[in-house]
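Contents: one structure, followed by commentary.
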């Protein structure tokens, strides 16, 4: 169901092309992709829409190749990303020799007979997307609730005894319920059993519990992907501010502990410690709501501990290797990775924002440059900083080059010849000097 | 003891002063001379063995590049970076030139021209003969930018204007293209000399004057040899047939 799949070099030669559906040739949409995305440095997001087609692409910066796949916009194909990655890997491995040894002549003279491999990969990708195992419901043991120890449930001191007793009863009865019932059942099934027995308050509390847990997981996942790192001081300040509870689960920013997890292991330690303390400290405010969130904070603390522990030894190792890595990076060829580029790009982004470039645009620009440089092999005696700076400079020059001819006098002569007025419009916000300049002109 | 050592030290010092210092000086001079010779040879060897393929977007540069080097037709897309390869002239196996295909897109062309202009022994400016009428001004502007460049004026590489896409019936002839370009460049001389100077200060003392002042612009007024050639990278028989590149190849032999 793909319209086409093209592999071409950055120099412009099409190495291999697959026309799936009998349709118009691939050149026009791909040219549009190149001109509007790659040359305008909008390469952060890897898909592009052109008329009725959606184009997804991937750059190989080591061998200077571009992989583009096009399919109809109305279709939502889930296997496309994976397909591109697989094709990229396979193509690169298969023709590695040609790229490395012969350079441009290799590209020109080589025959890239990739059709069979591609059809195989396409079939695999299509099959993997069709076959989806029916989602099995989690057993109680698999769910998180079973992993909460009794200890953390008891920590709630100073709470209304009614709530405490009720919730304890909840947990205990839930556990009993599932032990009795052999069939796997979600925690909510257990809830529902109890809701008949309990009153309305219990039901809503459990629902809130579920909702909070889901939201927490969502936030945790999202924070793990984004590597936006607020300053450590700001993070501490946010933590110590008195919390405001509207409905308990709406103000995502205040409740977003997960930002600290992305600061690196150094940041995680303080966060782990003060979560339970803070939870205990604030429980005088709204004890009822607090109980749910304490669960989550403890939950989060436990999981953070689990997550951070494996990463800590790797950071220690990185400290030693970093010294040699610096020297290694200076001499010899090594390929750029995201981790190398991130600190430099952060600095560049801050610099751009300080110079009055809109934050969103600065982010997109840095993303695009990162995509362009990922996997590129650096020459000898070039540092990461210099490479990234050079690439960013080139990208900015490229964007700022005028796309069309700017020759006012020439156009004026043309207009005079055709007896047409040549119109020059002065536009801008108030106060920049339009009338002043106009008077001078 | 100290008294006994001193005359020894004096003798040593005297010995070392004479020949040792001299030998050190000679060594340094030898190193310096070697270095200079090496730089000179490098400069000679790498200077100007390249033939650049310039032109607007979609003029057919990459296809021309592919045809010259491999003889086969290849599909092409808009180039984002340059590609270079060594081109062996068919009769004479010893001489070879490096063909460099530069991207024609507006945001990239000047950047790449800056990088490769110093190494250019000859420039092939590819013109799309079919779309020429529409694009006259853009073609002329790019050509003007190439011609007034200080490095190009200094080195004066041979210039060939290849009128590509002659296999299409609506293609304009080389003569017509030459006349139109001359007229357009004539006008551009006037308008560009009045244009504001660029911020990087590359044009020291204002933009260079193209051709002779009083007379109309003519390609013969340029310091370099200019020729016009018709060619067709696709070839009259379509993708399978041979490309019509005779004039181009003859010129390359002459230039190399």
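The values are calculated or read from the model by the stated rules, or taken from the named source; none is laboratory data. Since the model is a prediction, treat every value here as computed from it, not as a measurement. Glycine gets a Cβ as well: all are built from the backbone with ideal geometry, and neighbour counts include every protein chain shown.
When residue A:386 is tested against (1) assigned to a loop (DSSP other than H, G, I, E, B); (2) more than 14 Å from every other protein chain (Cβ to nearest Cβ), only condition (1) is not met.
Surrounded by fewer than 15 Cβ atoms within 10 Å (Cβ to Cβ), farther than 22 Å from residue B:112 by Cβ and in contact with a helix residue (DSSP H, G or I) (Cβ under 7 Å, 6 or more places away or on another chain), is that true of residue A:385? Yes: the conditions hold for residue A:385.
Residues in region A:363-382 that are assigned to a loop (DSSP other than H, G, I, E, B) and surrounded by 15 or more Cβ atoms within 10 Å (Cβ to Cβ): A:374, A:375, A:376, A:378.
Can you pull out the residues in region A:408-441 that are within 14 Å of chain B (Cβ to nearest Cβ) and in contact with a helix residue (DSSP H, G or I) (Cβ under 6 Å, 6 or more places away or on another chain)? If the condition is that a residue be within 14 Å of chain B (Cβ to nearest Cβ) and in contact with a helix residue (DSSP H, G or I) (Cβ under 6 Å, 6 or more places away or on another chain), then A:409, A:410, A:422 are the ones that fit. For region A:393-404, name all the residues that are surrounded by 14 or more Cβ atoms within 10 Å (Cβ to Cβ) and in contact with a helix residue (DSSP H, G or I) (Cβ under 6 Å, 6 or more places away or on another chain). Hits for region A:393-404 are A:395, A:398, A:401.
Among the residues examined, residue B:185 qualifies as at pLDDT 65 or above, within 14 Å of chain A (Cβ to nearest Cβ), surrounded by 16 or more Cβ atoms within 10 Å (Cβ to Cβ) and under 22 Å from the mean Cα position of the chain (by Cα).
Among the numbered criteria (1) away from every other protein chain (no Cβ under 14 Å); (2) at pLDDT below 85, which one does residue B:68 miss? Residue B:68 satisfies all of (1) away from every other protein chain (no Cβ under 14 Å); (2) at pLDDT below 85 except (1). Considering each of B:113, B:102, B:143 in turn, give the residue that is in contact with a helix residue (DSSP H, G or I) (Cβ under 6 Å, 6 or more places away or on another chain), modelled with pLDDT of 85 or more, within 14 Å of chain A (Cβ to nearest Cβ) and under 20 Å from residue B:224 (Cβ atoms). Being in contact with a helix residue (DSSP H, G or I) (Cβ under 6 Å, 6 or more places away or on another chain), modelled with pLDDT of 85 or more, within 14 Å of chain A (Cβ to nearest Cβ) and under 20 Å from residue B:224 (Cβ atoms) holds for just one of B:113, B:102, B:143, which is B:102.
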